[in-house]
Structure formats: structure tokens, C-alpha cells
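Written below as C-alpha cells is the structure these notes are about.
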Protein chains: 2
Amino acid sequence: MGALGTETRRFSDVRRHVEGISQKMLTQTLRALERDGLVSRTVYPEVPVRVEYALTAAGLTLREPLRALELWSIEHLDDIEASNGNYDKV
Amino acid sequence: MGALGTETRRFSDVRRHVEGISQKMLTQTLRALERDGLVSRTVYPEVPVRVEYALTAAGLTLREPLRALELWSIEHLDDIEASNGNYDKV
């Protein structure tokens, strides 16, 4: 969702924005988001076929809560890693 | 996290607040949250032993972004289910 943002992107563009994801996992994820009505998939019958993905209106409304969670994660990552290290030592 | 809220709860109390979760899954989840420093686990050496769980200060800060996500889910559940039904028909 974050990789799409407010842009329309082709599959390879999306993949470039999601670090380390496999082609299979990204395909499954995009399909699940499309099924939920959060991502639109537009096929342009060119040669070669062009397929573009974008967030729908519903998908766009999920950006803010997801972003809040992402910011929380970034802010607390060091503490969580320290806590993990401490826990595993015991 | 939502099941703990601002309360201190015993295992069975937490479980009552998480619909349909197995004992094993709840144990694993609480342990992972404890490892991350988001939940504290206090053991009172009574007979029988009493164990209480509570959100830590860090855990409490996660409540708001999680709650925003929960509200989004509640708000969009019907649309998502309708979209799923529509997608599966095609």
C-alpha cells in the first residue's frame, strides 16, 4: 500500500518499492488487495501488455492509519530490538 | 493489545477478551509481546501462582495507531466483503 502511494505503477515499479519481496508474494498481495477493493488493476491491451496498479478511493483511506503504524514502528524499532536482545539473554 | 487496554489482567481474563483464540496462540502472542517490551508479565508467588499481564509504557503508545486501524476495519468491513463477493463471482 505504501509502495503504491498516490501513484499508478506497473508491477515492476511496485516491486522496486517493496524491498526484498518475491514476485510470487507480490502477485498474491496485489491480488488480495484487488479482491478487497483496495487496489485497482488496469490492463492496457498493448504489445507487450501493460498492467497498472493503483490504490482505489477505499485504499487511499487506509494510507493514514497504516502510515501512523509505520511511524510508530520506526520510532520504536531500537527499543524493541534492545528488548529482544535482553529477553533472549535470560 | 486491545484486550489488555489499560488494565492488568490474568491469562484467563485476557483470553476472554480475545474472541476464539486458542490457549497456545495466546501464550505465544503474549510471549512475543513481552519479548518486544510491549507487555509486562508479573508473577506473584502465591498458591496457586498468579500471573498478571499489562501493557508497558511502550505498549500503551501502540494503542492509538492500532485503534485507528481497527476503526478503519470496522468502517470498511462491509465494502470489503462486498468487493470479495464481487471478485469471486467473476
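Just so you know, all these numbers are worked out from the coordinates, no wet-lab data involved. Bear in mind the structure is a predicted one, so any value in this text is a computation, not a measurement. Cβ coordinates were reconstructed from backbone atoms using ideal geometry, including for glycine residues, and neighbour counts include every protein chain displayed.
Assorted remarks:
- Simple point charges give the picture: +1 on the Cβ of Lys and Arg, -1 on the Cβ of Asp and Glu, and for segment A:13-90 a dipole about the Cα centre of about 480 debye.
- Protection-proxy order for peptides A:28-38, A:60-70, each taking the mean of Cβ atoms within 10 Å per residue, highest first: A:28-38, A:60-70
- For B:R50 and A:I74, the FRET efficiency from 1/(1 + (r/R0)^6), where r spans their Cβ atoms and R0 equals 45 Å, is about 0.75.
- Evaluated over the Cα positions of the protein assembly as shown, the convex hull gives a direction-averaged projected area, one quarter of its surface, of 13.5 nm².
- As an equivalent ellipsoid, segment A:4-43 spans semi-axes of 15, 13, 9 angstrom, where each value is the square root of five times an eigenvalue of the C-alpha gyration tensor, largest first.
- Simple rule: put +1 on each Lys or Arg Cβ and -1 on each Asp or Glu Cβ in the protein assembly as shown, find the dipole, and look at B:A68, B:Y53, B:S22; the Cα lying farthest toward the positive end is B:S22.
- Nearest-ten-degree value, helix B:23-35 long axis tilted from longest Cα axis of chain B: 70
- Shortest-first distances to equivalent copies, position A:V47, nm, label 7 Å out along Cβ: 8.7
- Counting all C-alpha pairs of chain B, share separated by more than 18 Å (%): 56
- Normalised by the number of residues in chain B, the average gap of Cα pairs under 8 Å and 6 or more apart makes the relative contact order 31 percent.
- Whole-Å distance, taken between Cα centres, linking segment B:43-86 and segment A:12-76: 24
- Using a 7 Å projection from Cα along Cα-to-Cβ, the label point at B:D79 is separated from the same position in the remaining copies by 3.2 nm, smallest value first.
- Fewest-first ordering of A:V39, A:V47, B:V49 by other beta carbons within 10 Å of each residue's beta carbon gives A:V47, B:V49, A:V39.
- Rounded tilt (10° steps) of B:57-89 against the dominant C-alpha axis of chain B: 30
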